[in-house]
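Remarks on the structure that follows.
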Amino acid sequence: ASANPWWKDAVCYQIYPASFKDSNGDGLGDVPGILSKVDYLKDLGIDVDMGYDISDYEKVYAPYGTVKDMEALIEACHKRGMKLILDLVVNHTSDQHAWFKESRSSKDNPKRNWYIWKPPRYTEDGTRLPPTNWRSYFSGPTWEYDEHTGEYYLHLFAKEQPDLNWENEETRKAIYDSAMRFWLDKGIDGFRVDVVNMYSKGVEFKDAPVLDSRFYEQPAWMYYANGPRMHEFLREMNQEVLNHYDAVTVGELPHTPEPQKVLEYVGAGDKQLSMVFQFDLVALGQGQDHKYLFEKWELPELKDIVAKWQQFIDGTDGWTTVFCENHDQGRFVTRYASDAPHEREASAKLLSLMLCALTGTLFIYQGQEIGMINVPKSWPIEEYRDIESLNFYRTMTDPARSVNEQERAAELANVMRGLQILGRDNARLPMQWSGEAPHAGFTDGSTEPWMRVHDLYKEINVERQVHDGEGSVLGFWKRMIRFRKEYANLLVHGAFEGFAMEDKRTFVFGKRGENEERAAVVLNFTGEEQEVELPSGAGYEGLVFAVGSYEDAASEEESAEGRLRQLRPWEGRLYLSG
Ligand code: TEU
């Protein structure tokens, strides 16, 4: 894209309030807890930070704090030259929201069509069926029967999260006012827009084809994602609200692998969203028929995905994000590299080096900066808290399902393996602040934290890494963030070029800046030494070592001749053209 607004060069840090920092000892993170760590974020080099059944858009969930606490947080960020983005959850509300309570009260209530109500279907023998066979994200049907009025309401997520009816203009206006203007008027700088491509559901409510014969309910995103009025709604949202505040938006865009479709949302010519979270990279390893049935993948797939979205920015007038963690995904060290004791630090640095060298707006998720890893393999299902994971477990282990003992045992092993790699809880363990304090310093210890603290918090924590300084994962992230800002022309905005893309062990890419300057990145994605070849060809002459994930790489480089380099396990290096 042409102009460079602040949010392109910004490094954003996502906070999941429940697991970040508890200030009042109730075991649940809160807004004052976030406030107490604003300087930690400033020090890391962060420019933005950001905080799903909402019962009142104009309040803060009481255990997290108050609107006053939020005002203090906005002020604290702005005072330090940082910005604040909030999560905007307007595909659905809570079933406790006053709007839904009215909507459900009678068929002729004025708010009835603020949500999506449909009559039941009946089989020939009179059995009641939901309007369609759609599967919700959290297992089971997307429809909940309401005895009171004898109709079903739509919920793509939990049954406590009824979908709003965006077709109704009055509903849209209320959303703009209550969920958006209210917070923008308080000075926030923009929104992370939850499941932004699901507001327009399409016109046809018909059965989805059977892709997963294990269940009655079927994946049905092709019927409700990227619906016909999506772009009209987003244009309206801009005209009515966002343009008046110059607010930044980052929309969550699942089920949209086509660059052409993504461009419709983020193209510069047609103002809809500033950027999106596209799902290709985080979907690596997710099962075809079920997200949590893990499927093995190889490095060239990751490289192709990175190349595809890098080329998207370079080849179009659109812009997007660089991220591989959030509160819905497993930790990147575990998923894309290795969390074995002797490999996890090198892995975390390798991935930091890769992400900090990619074009787009960089988003880091809490704990990523210290290389937090997934839930230990030994943890039983009782330690998991996430509704999506627990419902999946329940459905798969349902005694009513007709599978034999052997199949059942194999399935159970796959379920637990899938959750341990891909489950959302992996990202929701309490933030590991300290190796000494109880509960890793997340809470003072008067109440058990809502979620168990990682067994390895004594080894992986902020305190220890601050003490270890430059050599730690945190120290390396800080250094890479500074480096990214210094060479923004190449790293944040440059054009990407992949080399040896079919190589299964290493990832080599180049970046080209506006003035033909070059960077080259070489990454070893294995636990063994690998030989890589530095990029060659026009512009890549005279590459000089600039930064590496192993501290002593600089001295190694001095004696190196030619273009071949020996990389140690999980080592990454970045070169600049002289
Ligand atoms: O998630 C929507 C989404 O598509 C996925 O990222 C998510 O993994 C979900 O679990 C579907 O498998 C967003 C939020 O990020 C998530 O935390 C919420 O639960 C969800 O919307 C509903 O608001």
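Numbers for the structure displayed
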{"quantity": "Quotient of Cα Rg and 2.2 N^0.38 Å for region 469-528, N being how many residues it contains", "calculated": "1.30"}
{"quantity": "Span per principal axis, largest first, for the Cα atoms of region 385-448 (Å)", "calculated": "48, 20, 17"}
{"quantity": "GluC sites (Glu not before Pro) lying in DSSP loop within region 521-578, provided at most 12 other Cβ fall within 10 Å", "calculated": "Glu528, Glu529, Glu541, Glu551, Glu561"}
{"quantity": "Cut-off 14 Å between beta-carbons: net charge of the residues surrounding Met396, Lys and Arg +1, Asp and Glu -1", "calculated": "0"}
{"quantity": "Kirkwood-type radius of region 494-577, with distances r between different C-alpha atoms, in Å", "calculated": "12.9"}
{"quantity": "Region 98-154 - percent relative contact order, Cα under 8 Å, separation 6 or more", "calculated": "32"}
{"quantity": "Loop-resident sites, region 113-165, for GluC sites (Glu not before Pro), counting at most 11 other Cβ within 10 Å (DSSP)", "calculated": "Glu124, Glu147"}
{"quantity": "Whether region 98-154 is rounded, prolate or oblate, judged on the alpha carbon gyration tensor where a/c under 1.5 counts as rounded", "calculated": "oblate"}
{"quantity": "The chain, Cα convex hull volume normalised per residue, Å³", "calculated": "157"}
{"quantity": "Label-point gap, in nm, between Lys101 and Asn515 - each point 7 angstrom along Cα→Cβ", "calculated": "6.3"}
{"quantity": "Computed over region 406-518: relative contact order in percent, which uses C-alpha pairs under 8 Å that are six or more apart", "calculated": "14"}
{"quantity": "The chain: calculated mean residue ellipticity at 222 nm from DSSP helix runs of at least 4, using -39500 (n - 2.57)", "calculated": "-8000 deg cm²/dmol"}
{"quantity": "For Val11, residues with placed amide H under 5 Å, excluding near neighbours", "calculated": "Asp47, Val48"}
{"quantity": "Sites matching trypsin sites (Lys or Arg not before Pro) across region 103-137 that sit in DSSP coil, with at most 15 neighbouring C-beta atoms within 10 Å", "calculated": "Lys107"}
{"quantity": "Whole-angstrom gap from region 53-110 to region 1-41, using each part's C-alpha centre", "calculated": "17"}
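Each reported figure results from applying straightforward, stated rules to the coordinates on display, with no laboratory input. Not measured: the values here are computed from a predicted model. Virtual Cβ from ideal backbone geometry, glycine too; neighbours counted across all protein chains shown.
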